[in-house]
Each structure stands twice: as C-alpha cells, then as structure tokens.
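Undergrad: A single structure is presented below for examination.
The values are calculated or read from the model by the stated rules, or taken from the named source; none is laboratory data. Keep in mind it's a predicted model, so treat the numbers as computed, not measured. With ideal geometry, Cβ positions are generated from the backbone for all residues, glycine too; neighbour counts draw on all protein chains shown.
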Amino acid sequence: MTNERSRPAGLFAGIRIRLLGLILVALTPLIGTLAAALLHERGEAIDSAGRRVETLARRTAGRYREIVVEARTVLEMAALAPEVTGGSPQTCARFLDRAGENRPWADGFWVIDPSGRVVCTTTPGGLDVDLSDRPYVTRAIAEHRFVVSDFLVNRVTGVPVNVAVLPLLGPEDTVTGLVAVTLKMSWFNRLVEDLGADGKVTFWLTDAAGILMARFPERAERIGRFNGDSELLQEMLRRTDGWADTATLDGPRRIYGFVQIPETGARVAVGLDRAEVLAPVETRIVRGMLVIAAALFLAVVTGIAMARRIVWPLEVLTAGAEAARRSRAVSLPRVEGYAEIESLSRSLDALLDERGKREEALSAARAAAEKATAEAHVAHARLLDALETVPVGLAFFDAEDRFVLWNRRYDEIYEGSPEAVFPGYTFEERLRARVKADLIPSARGREEEWIAERLARFHAEASHHEQQLADGRWVRIEERRTADGGSMGIRVDITESKRREESFRLLFDANPVPMWVFDRETLRFLAINDAAVEHYGYDRETFLTMSVLDIRDPVDHQEASKVARSDEPARGDRVWRHRRADGNEVLITAYTRLLDYQGHPAKLAALIDITEKWHDEARIRHLAHYDALTDLANRTLFRARLQRALDRSRDPDEGTALICIDLDGFKDVNDTLGHPIGDQLLKLVARRVSGCVREEDTPARLGGDEFAVIQDGIRSREDASALASRLVAVISAPYMVEGHEITVTPSVGIATTFDGSCDLDDLLNHADMALYRAKSRGRSGHCFFAPEMDAELKARHALETHLRAAFERRDFAVHYQPWVDLADDSVSGFEALLRWHHPEHGPVSPAEFVPLAEKIGLIVPLGEWVLMQACADAVTWPERVKIAINLSPVQFRTGDIVETVRAALATSGLSAARLELEITETVLLEDNASNLATLHALRDLGVKVAMDDFGTGYSSLGYLRRFPFDKIKIDRSFVSELPGSHDCLTITRGITELAAGLRMTTIAEGIETPGQREVLRSLGCDEGQGFLFGRAVPASEVAAILAATESAAA
C-alpha cells in the first residue's frame, strides 16, 4: 500500500530536475562551440560579399568619373571654339553636333547666356528656354567652376538627365556664358553591362541629395525618387565609401557596397541579395541544429531513467514517515539498496521516539497550568471590582498592545463604537475601527497619517493629549508604559471644561481683530490673541515678556502711559503709532475696557489697523492733483498753479510763460509697439521735462502725449524761448525702451503775459494756437503766439460750421475723373471725387475740407452719401466701365463700412465686380487685425480693393503680403518726375514688376504728358489717370467722354 501511494510523485520534482540540469550543463560547451563556429562562418560570408560589392562599386564609380572627365574635356574644347563663343546659333549647333559624335553618353549640348537663356543647342525646341532657375546654372555662375548637376528632368525632352556645365570666363574673370552637356541616364546600364554584371547584382546611381538617377536592372518607376527613409541612403550619407548589410525600398535585404564620387557628390551603390549569399551557410546551420537536437534528446532520456532509480526509494520513505506522523501505531518501512537512504530511515525512527516522550511531558504541564488559571480568574474578579469604583476610564494593554483589562467607564466614554472591546483585541484594531466608522473628527481626510501619529503617542513612555469625539465631547487621554512592557491608559471627560474655554476663545483668542490684556500697573501684557501675534510679528512667548510701551516710539511713552493707566475707556478717537517686530510702523486706533484678569486690575484692548486706509487717503489726495503715470502735476493742479501765478503781485517787468508741448509720432509708437511701451516712453519724457525746469516752475501732463510747463518770474520772451529750445533738444534725443530705440520730436507752443493777457483761459487758448502753428510748420520746433493766429482759428471754426451746414443742405457734388487702359487709351473706369462749392467763397479744396470732416466725424455720413451717389451714377454707364471710390480710415474706425457698401450695391443695382474701393496704408496701420478682417469682408462682397499712394509709406510691402490687393496705385510723386528722374524710373519699374509677380493691376496717377504715358506703358503699367486723359467732370458729362473715346477707337 505504501509503495502504491508513493509512485504518483511528479516526474520532474527534486532530484530528477537537478540531474537533468546537470546533463544539459555538460552539453552546453559542445552546443556553444558548434553554434559559434556556424555564426563565424556566416559572418565571414557576409564580409566576403561586402568586400566584393564594394570593389565592384569602385570600378563603376571609376568609369562614371571617366565619363565626367571626358564631358569636361569636350566642354573645355567647345569653350575655346569661335563657333561657340561668337558664331550664330546654327553654326554653334553644327559644331556641337560634331563634338557629340561617338559619345553615346551625351544627350545634347547647350550654350547659355549669363541671364540663363539658351542661345545655342543641339536639342530641337531648346532655343530661348529660360534655365536661370536651375541650381547648376546659378552655381556655375556664382562659383566660376565646372559643375555637375543633381537629378533633373529635361524641360525640352521631358526625360531624366543630369547636366555638366562649364562657365565661359571673360575679362576680369566675369562669366560671359556657359556651355553644358546633358548626360543620358541610359548610358549607366551600358556601363554596368560592360563590367560584366549579371541580373543577380543591383547597381544604383544617386545624386548628392539622394535622388535615384539610374538603376540596373532598370526599374523606371524608381527613377527620380528620394529615398530618405532608406537605411542604405542614411548609411551612404554618413560615410563616403564602404559596404552595408541593410534593407531598402527596392526589395529583399541586400549587401551593398557604395562609393561617393568627389567631383559631383553622386554615389554608386552595388548590391547582392543577402539570402543568396547566405544560402550555403544557412544549410550548414540547419544541419548543425539537427545534430544538437538529437544530442539533447538522448541526454534527456538517459537522465530520466537514472533519476527514476534514485528517487523511488525516497518516495517510499517519505510516504511511510507521513503515516507514522499521523499515528504512533505505524512504523517506518525498511528501505535498502543505498547507504544514505538507510541512514535517513534510522534517524527518522529516533525522532519519532523522542516526540512521544515530549507529548507525555506536555500533558503534565497542561494540568498544572489549568490550576494556575483558575486561581488567576479569582484575582482578576477582585481587580475588576476595584476598577469599577474609579470615576475615570481605565484600560490595560499587554506588550503586544492587546486589551487585557478595562472598566465600565472606559466603555461609556467610547459608547457608539462599531465593535465592543474584548480581550486580545489590539489597540490598533480598535483605533482603525473607530476611524473607519468616522468617530474621530480630527482624522477625517488624513486617516493613515492620523493613525500613525496616534500610535507614536501610544508607544511613547508617557504621553497626554486631548481628543474630540464624533458627538462633540472632549476626552483627555493619558498613557504610560508599564514595567512588564505593556501600557495603561486613562480617559477623562473634559467636555464642560472645553466649553468654558471655547467661550473665552470666541470672545478673545479666535477674534480676527488683534486684542490683548495688559496689567494697568506694570503695563505688561497678560494675554495675546492669535490675530495680534500675526499682525505684530512677535511670537507669543516674546509678547508676554513685553509691555505696551515696548511697541511704541519713545516720544509717545509719557502720553501712552497716562492713557493706559487711566480709568477712562478708549473709543477709537485717537490715532497711535505702533512698531511691529520687523521695524515697520503701523497706525492704529484702540478700543479698551476695564476688567479683572486672574486677580489683577487689567485692560482689554481691541486694535484697528488704519495704516492702509490712512495711506490710501493720502494717495487719493495726491492723485487728485498729480498724474498717475508720470507723477507730474495734472490738469487740476496745473490750472490752480497757473491761476496762482497770474494772481500774485509782481514787478512790472516780470511775467509768466505757458509752454505747451505735443509729441509728434507718439501715436505711431503706440500703434506699432503697444501701449505699455508708449507708457514707458511718457514716463521718460516726463523725467526729461522735469530735468529741464527750475524748482519754482511747474511741469504737468495734461493728457495723452500733451505736456505743459508754467514758467513764472521770467524777465523776457527770450527766457521762455531758451527753455523751449532746451526742451526740444532734450526730448528729441533717442530713448531706449525694452530694447527698442525710439525717437519722438516735440512741437512747442508758447504764450506769455507779455502779450497783454493775464486771463487763464485766454493764455491757454493762445498757447494752443501757437502749438498748432508749430505743428503745421514741421516737427521739432517752437512758436510764440501771434495775434493773427486767433483770426486763423476763428476761420477754421467758421469753416467747420459751414461744412456742417453744407452737409445738411447737400451742397456737395460728386465729379468723375476717367482712367484709361494704357494699351489702347480706352476708358476703363472713373474715380469718384468729392467737390464742395461754397455759396459765398466758391470752390473749397478737398485738401482743406476732407481732413476737417475726418476730424469732426462728418466723413462717415458724407462717405456713405458719396458711395450711394457714385453707385447710382455708375449703374447707368456701360457694363465694362468701373467706378473707384476712396475710403477714409475714419470710416473703418467708426462706421460699419461693409454694411454701407452692401446697401449701396443693393440700392443702386450696381454689380459688385464694377466697384473698386481705394484705401491708404493708414487703414492697415490703425487696428491692423480688425481692419484686415473688414477688408476681407469687403472682398467677400465681390468688390475690388486697391492700395492708394503706394510706395509713400514705410510698410507698404508688408501690407501686400498680409492682404491680397487687386490693384496698386502708383503715387503721383513718382510719376511727376518721369522720364527725367532715374530714381523715380527705377522705383516705378520695381512697383510694376512687383505687382505683376503678385498678379495685381497697376495704375499710375498724375499723368500729364505723352512722355510720361509712354514711359509707363514701356514699364508694363496697366492703367493711367491724370489731366492728359481728362479732368474730373460732373456725372452729366461722363457719357460724352465715353462717346468720344469709342469714336476715336473706331
């Protein structure tokens, strides 16, 4: 029976598996040696193939170099032939045809002039072809040397080629032309065949960029492709020659040899199929693997047989020992055959005898223990009776932190726990159960951290702390370790005491207002709340060693002592200076009341910090009179100081000057660099202005970029002029703001009391008039008030009044000036021009009233009327005739121009394609993103958009990139100098060529002479406008102009 049970043991358990492992370890060196030999043979086969293909690649590259050298030699001979350098295209072509005879690699010869145009070729259809954009042409011209191109497709024949080109050098080493030969790609296959290659070898020819130029065997679909993701190409780009075992996009993995050709940068690669190279070696590897597998199989079978003979006696002995362990009546079986196993059997017999003797001794000891336990139970009952009389909760724990003994009061304190305490229940288990049941508020959200802290206290020699329970009660916990390694815990309900403390804390400790209690006799602090500790920066212990005088300035000690000892309570009616721990001074008001504190006459003080309020009020007072950005006097303080200067008594020869300053170009700074940069610039200007004036003078900022200076106590106008000149020079000097060098120039207007006026408003108006005159004269200058300026200002105001009245009466008219197609002088369209005939003063120049209309906001309704009127007139003209209307930047800024245009088209019925809207670059300079969006919306309506006065602004080219204009209008300032000005001629040519490249129409304005028209026509300008073709006329005369043009054309 024993033998039957022992046999099912695992086949590979214990000794069996170790024996098999030993056999496999013995075979490992043999297997490793065989595998290493086979792998070495495999590597040698790959190395041999690599050297072979590298040699073949070098031979191919050498042949390719011979052809390149031959091509260069032919080109050098052609470069010396007069038929090439000075003959006709036919003579040149015949010479080059003869040069290409018996050269199968040549596909055609070319002669190219310095501009890149073909002037002679042997390729039909190639004459006059423009090759200026070809990289090999630009390189040969730039580097003055022989160049071989990368892969390209012949523009005439459409076949893949590469080109060898040689520059023709004239006097002073200048390039007078180029001679080139096109190399056929098909010659590469013939070259490879001459080398004796068979179909098993692959040949590649790539250019310097990695584009495949030729392949053998041929695969046309691969030619011209860039194989940048090919492992082979990456390897070729890293090294100039060598061989690599790599995969390609060309098929199976191959072994490639490659060589770079220095003169051209091209590379030749020759590849062998890796599988064919390794086929003999792979066969030998398979045979070796079969030998290894057979050896392993024999070793495993032999090992299993040997292990079975060794393991079976041990299995029998193990089964017998297990049966003897379960019953003393069973003895171990006798096992023979191996000395080691017989020794093991005898040892097990002796062990079983010793076990029997120990069990008998254990029974006797158990009886004695039961007697002692009964006696302990009696003593335990007496101890419990004693514990129940104690009014606090008590619990005892053993060295393993298990509950041993506890009284009823302990259970009452922790009533509501999820589990009752029982002997053997550990302190940690109890703790975790209460935390899990959410009975410990302080553990919420940090359970594991809290448990770790609580266990650390429990394991300390002695500790005490307070703990709040879930029902709001508070318990004081005291714990200490006992001599036997256990511990004792005491629990006292302190809820009532806590409630009393909480009431005091609510009134004092937790009050957000800084509060303290101090002794009325010694003035020392007796209690400090948290808000005071935080506010003053002293820790509580330091505070309690100080008196109320320690936080005050010594000059206040006498008065502070008197008030602190007074019986009168403080009601916040006085401001005191206190010193914080960091040395900073704070301003406070105090509220106090008398009280008795722990037997001492004391005062409770509540303190209100009014420092920030005090400073805010001072700041508000300052801001009421000073500019917030520059800290100069503001308009309010400026007027007060000016009035005070005018009112004070003075000597007869003493006066006051008012100097007004306006910064020219400041708006451009804001628009281009942003308002933060503009603000920094204003601060720097204010600093320079302050540095120029005397202490008794008043510099001020009146708003925006307007500054002013009150110069009091001057003796003559020359004093004001000297200060104005100094201000102009200082302000005009460059500024450096956040890496930007900025220059602004001031215009300065001056009014003085020497002019006879001492009224504040009159003086301000006079300075404004002088400033306006200074700006009109040009930047960076100053001007004194003169009486005639007042007349001019009144005239300008009168013009504004008349302009508003004219708009109400519709005194305006729209006239139309024709523009023509310069190709045949036919009228293409008319530009709408606004005219105003004043009933009293006659015609008013648009240059005079249009800026004024923009300034007062009248341009928006006036512009809408012009759009409506012009569209209504244009709809009666022939379909081919267009209408152009100028738009003001103000219409973009304050009006809804898109809706205005849409309404004008809808009301008139005019086709959107016939309407052109002209804008200046100012539209894009102001609120660039918004105005760009508006321009795109106008284009979406179908209208055309033209840029007016092109070339006069500093950023026109940038606008052409950011918005695709339909037409560019060349400014009259360039046209008026034609044809005499070389500079204007060059600029005009550049504008027309730029517009042609961007597919935009060009129109020139201000054409007055036939000579100007002919020059513009020769430069490629599309359209023209000016007095040569006609002046602006009323709508009623447009039909006559159109009829006259049609009859002239007929």
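Undergrad: In the set D761, D768, which member is charged (D, E, K, R), assigned by TED's automatic domain parsing to the domain that holds D705, without any contact (Cβ under 8 Å) to a residue 60 or more places away in the chain and surrounded by fewer than 21 Cβ atoms within 10 Å (Cβ to Cβ)? Steps first, answer last, please.
TA: Working: D768 fails: without any contact (Cβ under 8 Å) to a residue 60 or more places away in the chain.
Just a single option satisfies the conditions, and that option is D761.
Undergrad: Of the conditions (1) at pLDDT below 90; (2) part of a helix (DSSP H, G or I), V730 satisfies every one except a single condition; which number is it?
TA: (1)
Undergrad: Do we have L237 as modelled with pLDDT under 75 and either surrounded by fewer than 18 Cβ atoms within 10 Å (Cβ to Cβ) or on the phi > 0 side of the Ramachandran plot (or both) here?
TA: It is false that L237 is modelled with pLDDT under 75 and either surrounded by fewer than 18 Cβ atoms within 10 Å (Cβ to Cβ) or on the phi > 0 side of the Ramachandran plot (or both).
Undergrad: Which residue pairs have Cβ atoms under 8 Å apart, sit 6 or more places apart or on different chains, and have a first residue in region 89-117 that is closer than 14 Å to L166 by Cα and a second that is hydrophobic (A, V, I, L, M, F, W, C) and assigned to a loop (DSSP other than H, G, I, E, B)?
TA: As it stands, the answer is W110/L131; I112/L131; G116/L131, since those pairs meet every condition given.
Undergrad: Still on this structure, I have one more. Does region 642-653 include one or more residues that are closer than 22 Å to A624 by Cα and touching a His at 6+ places or on another chain (Cβ under 9 Å)?
TA: No - not one qualifying residue is present in region 642-653.
Undergrad: Here's another thing I want to ask about it. I need the helices (runs of 4 or more DSSP H) fully contained in region 831-914, keeping only those with at least 3 residues that are touching a residue at least 60 places away in the same chain (Cβ under 8 Å), on the phi < 0 side of the Ramachandran plot and small (G, A, S).
TA: Values: elements: 846-856, 859-874, 889-894, 897-908.
By residue number, no helices (runs of 4 or more DSSP H) qualify.
Undergrad: Right, something else. Looking at this structure, is L924 surrounded by 19 or more Cβ atoms within 10 Å (Cβ to Cβ) and modelled with pLDDT of 85 or more?
TA: Values: surrounded by 19 or more Cβ atoms within 10 Å (Cβ to Cβ): yes; modelled with pLDDT of 85 or more: no.
The answer is no for L924.
Undergrad: Moving on. So, of the residues in region 675-709 that are of a type in the set (D, E, K, R) and part of a strand (DSSP E or B), which turns out to be farthest from R641 (Cα to Cα)?
TA: Initially, region 675-709 is screened for residues of a type in the set (D, E, K, R), giving 679, 683, 687-688, 694-697, 701, 705-706.
Those left that are additionally part of a strand (DSSP E or B): 701, 706.
Working: R701: 13, E706: 17 Å.
That would be E706.
Undergrad: How many residues are surrounded by 14 or more Cβ atoms within 10 Å (Cβ to Cβ), of a type in the set (S, T, N, Q) and either in contact with a Pro (Cβ under 6 Å, 6 or more places away or on another chain) or at pLDDT 85 or above (or both) if we restrict to region 163-199?
TA: Going through region 163-199 one residue at a time, the tally reaches 1.
Undergrad: Looking at (1) over 55 Å from the mean Cα position of the chain (by Cα); (2) not in a helix (DSSP H, G or I), can you tell me which one V74 breaks?
TA: That leaves (2) as the condition not met.
Table: residues versus (1) surrounded by fewer than 21 Cβ atoms within 10 Å (Cβ to Cβ); (2) among the aliphatic types (A, V, I, L, M); (3) touching a helix residue (DSSP H, G or I) at 6+ places or on another chain (Cβ under 7 Å); (4) outside the structural domain of E921 (by TED's automatic domain parsing).
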| residue | (1), (2), (3), (4) |
| --- | --- |
| F638 | no, no, no, yes |
| R648 | yes, no, no, yes |
| D651 | yes, no, no, yes |
| K667 | yes, no, no, yes |
| D671 | yes, no, yes, yes |
| P676 | yes, no, no, yes |
| R688 | yes, no, yes, yes |
| G704 | yes, no, no, yes |
| A708 | no, yes, yes, yes |
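Undergrad: Considering (1) in a strand (DSSP E or B); (2) modelled with pLDDT under 85, say which one D668 fails and leave the rest.
TA: (1)
Undergrad: Now for a different question. Select, from E993, E1005, the only residue that is modelled with pLDDT under 90 and within 18 Å of L822 (Cα to Cα).
TA: The unique qualifying residue is E993.
Undergrad: Quick test for you: out of S747, S757, pick the one residue that is part of a strand (DSSP E or B) and either within 23 Å of K667 (Cβ to Cβ) or at pLDDT below 85 (or both).
TA: Details: S757 fails: part of a strand (DSSP E or B).
Among S747, S757, only S747 is part of a strand (DSSP E or B) and either within 23 Å of K667 (Cβ to Cβ) or at pLDDT below 85 (or both).
Undergrad: Among the numbered criteria (1) aliphatic (A, V, I, L, M); (2) surrounded by fewer than 16 Cβ atoms within 10 Å (Cβ to Cβ); (3) at pLDDT 85 or above; (4) outside the structural domain of R402 (by TED's automatic domain parsing), which single criterion is violated by L506?
TA: Looking at each condition in turn, L506 falls short on (3).
Undergrad: Looking at (1) among the acidic types (D, E); (2) assigned to a loop (DSSP other than H, G, I, E, B); (3) at pLDDT below 75, can you tell me which one D824 breaks?
TA: Among (1) among the acidic types (D, E); (2) assigned to a loop (DSSP other than H, G, I, E, B); (3) at pLDDT below 75, D824 violates only (3).
Undergrad: Something else about it: Would you say S828 is of a type in the set (S, T, N, Q), surrounded by 11 or more Cβ atoms within 10 Å (Cβ to Cβ) and out of contact with any helix residue (DSSP H, G or I) (no Cβ under 9 Å at 6 or more places or on another chain)? Walk me through it before giving the result.
TA: On the way: of a type in the set (S, T, N, Q): yes; surrounded by 11 or more Cβ atoms within 10 Å (Cβ to Cβ): yes; out of contact with any helix residue (DSSP H, G or I) (no Cβ under 9 Å at 6 or more places or on another chain): yes.
Answer is yes for this residue.
Undergrad: How about region 654-694: which of its residues are in contact with a Ser or Thr (Cβ under 8 Å, 6 or more places away or on another chain) and either in contact (Cβ under 8 Å) with a residue 60 or more places away in the chain or more than 21 Å from A708 (Cα to Cα) (or both)?
TA: Passing the criteria: G655, T656, A657, L658, I661, D662, L663, D664, G665.
Undergrad: Report yes if some residue within region 952-959 is at pLDDT below 85, over 23 Å from V820 (Cα atoms), in contact with a helix residue (DSSP H, G or I) (Cβ under 6 Å, 6 or more places away or on another chain) and assigned to a helix (DSSP H, G or I); otherwise report no.
TA: Checked against the condition, which is being at pLDDT below 85, over 23 Å from V820 (Cα atoms), in contact with a helix residue (DSSP H, G or I) (Cβ under 6 Å, 6 or more places away or on another chain) and assigned to a helix (DSSP H, G or I), region 952-959 yields at least one hit.
Undergrad: Given the residues T302, T264, T246, which is the only one that is of a type in the set (V, I, T), without any contact (Cβ under 8 Å) to a residue 40 or more places away in the chain and surrounded by 13 or more Cβ atoms within 10 Å (Cβ to Cβ)? Show your work before the answer.
TA: Numbers: T302 fails: without any contact (Cβ under 8 Å) to a residue 40 or more places away in the chain; T264 fails: without any contact (Cβ under 8 Å) to a residue 40 or more places away in the chain.
Answer to the selection: T246.
Undergrad: Hey, among R287, R254, R274, which residue is under 19 Å from L56 (Cβ atoms) and without any contact (Cβ under 8 Å) to a residue 60 or more places away in the chain? Explain how you work it out, then say what you get.
TA: On the way: R287 fails: under 19 Å from L56 (Cβ atoms); R274 fails: without any contact (Cβ under 8 Å) to a residue 60 or more places away in the chain.
Residue meeting the stated conditions: R254.
Undergrad: Against the conditions (1) outside any strand (DSSP E or B); (2) modelled with pLDDT under 85; (3) not basic (K, R), where does L629 fall short? Just the number, please.
TA: Status for L629: all satisfied but (2).
Undergrad: Does A937 meet the test of being modelled with pLDDT of 90 or more, of a type in the set (G, A, S) and either more than 16 Å from A832 (Cβ to Cβ) or out of contact with any Gly (no Cβ under 6 Å at 6 or more places or on another chain) (or both)?
TA: On the way: modelled with pLDDT of 90 or more: no; of a type in the set (G, A, S): yes; either more than 16 Å from A832 (Cβ to Cβ) or out of contact with any Gly (no Cβ under 6 Å at 6 or more places or on another chain) (or both): yes.
It is false that A937 is modelled with pLDDT of 90 or more, of a type in the set (G, A, S) and either more than 16 Å from A832 (Cβ to Cβ) or out of contact with any Gly (no Cβ under 6 Å at 6 or more places or on another chain) (or both).
Undergrad: Which ones in region 241-273 are out of contact with any Ser or Thr (no Cβ under 9 Å at 6 or more places or on another chain) and over 30 Å from A164 (Cβ atoms)?
TA: D245, P252
Undergrad: Do we have any residue at all in region 187-205 that's out of contact with any Phe, Trp or Tyr (no Cβ under 8 Å at 6 or more places or on another chain), among the polar types (S, T, N, Q) and outside any helix (DSSP H, G or I)?
TA: no
Undergrad: Filter region 381-407 down to the residues that are in contact (Cβ under 8 Å) with a residue 24 or more places away in the chain and touching a Leu at 6+ places or on another chain (Cβ under 6 Å), then identify the one that is nearest to S487 (Cα to Cα).
TA: Selected residue: F396.
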